[in-house]
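Have a look at the structure below, then the notes.
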Amino acid sequence: MAKFLVQKSEPLHGEVSISGSKNAVLPILAATLLTDEKCTILDVPALRDVDVMCDLLRSLGADVDKKLEENTVDVTASGEINSEAPFDLVKMMRASILVLGALLLRTGRAVIHLPGGCAIGERPVELHLKGLKALGATIDQAQLAKGIVDATAGKLKGNTIYLDFPSVGATEVIIMAASLAEGTTILENAAQEPEIVDLASFLNKMGARIKGAGTDTIKIEGVEKLHGVSHNVIPDRIEAGTFMVSAAITHGRILIKNMLPDHLKAVIAKLRECGVEIEATDEGVIVDGSKHKIISTDIKTLPYPGFPTDMQSPFMALLTVADGPSAVIETVFENRFMHVAEFNRMGANIKTEGKCAIIPGGKKLKGAQVVATDLRAGAAVVLTGLVAEGTTEVSQIYHIDRGYEHFVDKLKALGANIMRIEE
Ligand code: EPZ
C-alpha cells in the first residue's frame, strides 16, 4: 500500500496551477450518454474517479478515448447502450449514480446497485428517485429494498419538482433527465454549486434549454436531441481552497493560477478572518500567510454559497494551529468528523459533540501515523503534517489520489517536504 511521508516544512512559496474540477467533470462525463455524437471534454484532471467514470461509460457501451496526459477525454456513445451499471465499478465510486438520468433517457431503463454508506454518511438517493418519478419513471420497489435502483421509463414528461434538500447529485441527475423530456421542468430548492452551472453550460452547448443554474430554481425546457460538443471543465475550487490553506498553515506566500475566486467566497472570507492576506491579480490569486499569526474563527458548513463541506477538514487543519479556540459545525453530512481522531493523534485535542467540533487551537502538533479517512480528510492530515514536529505517515492515500491531481508534485514544487512511498 502506498503512503505519504510528510515532514515539517518551511513556509510554502512559489506558484501552483489548479486542475479541472472533479465534481464538475464527473456529471459532465455522465451527460455524454445523452447524445450519440462525439463529445470532447478538456481540462479533465487525471484522477482515479475519472478513470472509474471512464470505465463505467465503456462498460455501458460508449467509446471512450481517455488521454489524461493531455487532460482530455473523448466520448462517443453511439452504439447499443447497456442499462446496467456494473456493481464492481459503482462500489468504487458512489458518483456512478450520476449516470442514472442519462441512462434512463437513453435506454428506457437504468439499473444501479447502490454502494450504501461510506465514511462520511449514508449517502441516500431518494431525492434523485423522487425527481425521476415526477418525470414519469417507475422505480421497482422490490429491487430498491435490496439496494438496487431499477428505473424504467417511456418518454419522460416535464414537471415541477421540489427538492427537500438542495442535493448536488439529485439536481444533476434531474437536469440531465429533464433536458430531453417532453415539456418544461421547474426544479425548486435546487443545488447552486458552480459544478451545476458547468453541467448546465455543457448541456446548453449540446442544445439543451436550461435557465437558472446557479440559483435555487432551475427551468429546463425539454428538446428533441442533443449534439456532441467540446467543453473545458471549470477549475477545482476545493483543490484551490486546499492550496490556499497550505500557504496559510505554513505562513507561506503562494500564487494560485487557474482558480476562480468567485467560487470560493466563503472560504476566502474565513481565511481573511484568520489573518491571511488574499489578493486576486491578473496572474492569479496571491495567498499570503506570512504576515500574521493564525487567528481562530468558527465555521459552519452549508450548501453553496455557504462554506463548503468539502473544505471542512482542510480548514480544520488550519484551526488546530490557530491562536485560540474555534468551533466547526458540519450541517451537510451526518458523519464527517472522521479526521478528528487523526488530528488528535497529532496532539490537536479536538472534542466533538454531534455536528459540532471544538478545536482548542494553540497546539504544537507532533508527527504521527495517520489515515486518510476520505479524500478531503486525507489532504487535511497532509496539511497538518507540513507543520507538525517530525514525520507524519499518511496511509490509505488512494482516497487522495481520487481527488487531487499530482498532489505530491504540486506541494513539492512549493517547497513542501513530502514524498510518496510504495510499500
Ligand atoms: C456532491 O456529493 C460531491 N460529490 C461531494 O463531494 C460534496 O461533498 C457534496 O456534493 C456536497 O457538496 C460529487 O459531486 C461527485 P449531496 P453528493 O447529494 O451529490 C443528503 C468530494 O469530496 N441527501 O448534495 O452525494 C446526503 O445524505 C465529495 O469531492 C439526502 O438526504 O452530495 C448529504 O447529507 C464528497 N438524500 C447531503 O444531502 C438524497 O437523495 C448532501 O448530499 C441525496 C442527498
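Every number here is computed from the coordinates shown, using simple stated rules; none is lab data. Here the structure is a predicted model, which is why all the values come from computation and not from measurement. A quick note on method: Cβ atoms are made from the backbone with ideal geometry, for glycine too, and the neighbour counts reach across all protein chains shown.
DSSP loop trypsin sites (Lys or Arg not before Pro) in region 178-278 with at most 12 other Cβ atoms within 10 Å of their Cβ, which ones?
LYS225
Computed over the chain with a Gaussian network model linking Cα atoms closer than 10 Å, the most mobile of THR297, THR309, THR281 is THR281.
Given a Förster distance of 25 angstrom, what is the FRET efficiency for ASN82 paired with GLN141, based on the Cβ-Cβ distance and rounded to 0.05? So the FRET efficiency works out to roughly 0.65.
For region 216-342, the relative contact order comes to 22 percent (Cα pairs under 8 Å, sequence separation of at least 6). Give the cross-link partners of LYS146 among the aspartates and glutamates, using a straight C-alpha distance below 20 Å as the criterion and excluding same-chain residues fewer than 8 apart. Within the straight-line cut-off, LYS146 pairs with GLU84, ASP88, GLU122, GLU126. For the chain, the relative contact order works out to 21 percent when only alpha carbon pairs closer than 8 Å and six or more residues apart are counted. Working ranking of peptides 93-102, 188-197 by packing, defined as the average number of other Cβ atoms within 10 Å per residue, highest first, is 93-102, 188-197.
Summary of packing: across the peptides 389-400, 145-156, the per-residue average of other C-beta atoms within 10 Å ranks them, highest first, as 389-400, 145-156. The Cα center of region 150-189 and the Cα center of region 223-261 differ in position by 27 Å.
Relative contact order for region 122-204: 29 percent, from Cα pairs under 8 Å spaced at least 6 residues apart, divided by residue count. Using a ≥ b ≥ c from the Cα gyration tensor of the chain (square roots of the eigenvalues), is it rounded, prolate or oblate, where a/c under 1.5 gives rounded and otherwise the larger of a/b and b/c decides, a/b for prolate? In terms of gyration-tensor shape, prolate. Note on region 210-338: lysine pairs with Cα distance below 18 Å, sequence gap of 8 or more or different chains, count 7. For the pair region 391-408 / region 70-89, the C-alpha centres are spaced 27 Å from each other.
Rounded to the nearest Hz, the phi-derived 3J(HN,Hα) couplings of region 103-114 under the Karplus curve 6.51 cos²θ - 1.76 cosθ + 1.60 (θ = phi - 60°) are 5, 4, 5, 6, 10, x, 8, 8, 10, 9, 6, 6, where x marks glycine and proline. Between 0 and 90 degrees, the angle of helix 168-179 with respect to the longest Cα principal axis of the chain falls at about 30 degrees.
Computed from Cα positions, the angle between helix 237-249 and the longest principal axis of the chain comes to roughly 0 degrees. Net charge dipole, the chain: roughly 760 debye, given to the nearest 20, about the Cα centre with Cβ charges of +1 for Lys and Arg and -1 for Asp and Glu. With both residues required to sit in the chain, DSSP beta bridges show an antiparallel share near 70%.
Can you return the lysines within cross-link range of LYS66? Criterion is Cα-Cα under 18 Å, with same-chain partners fewer than 8 residues away left out. Output for LYS66: LYS22, LYS38.
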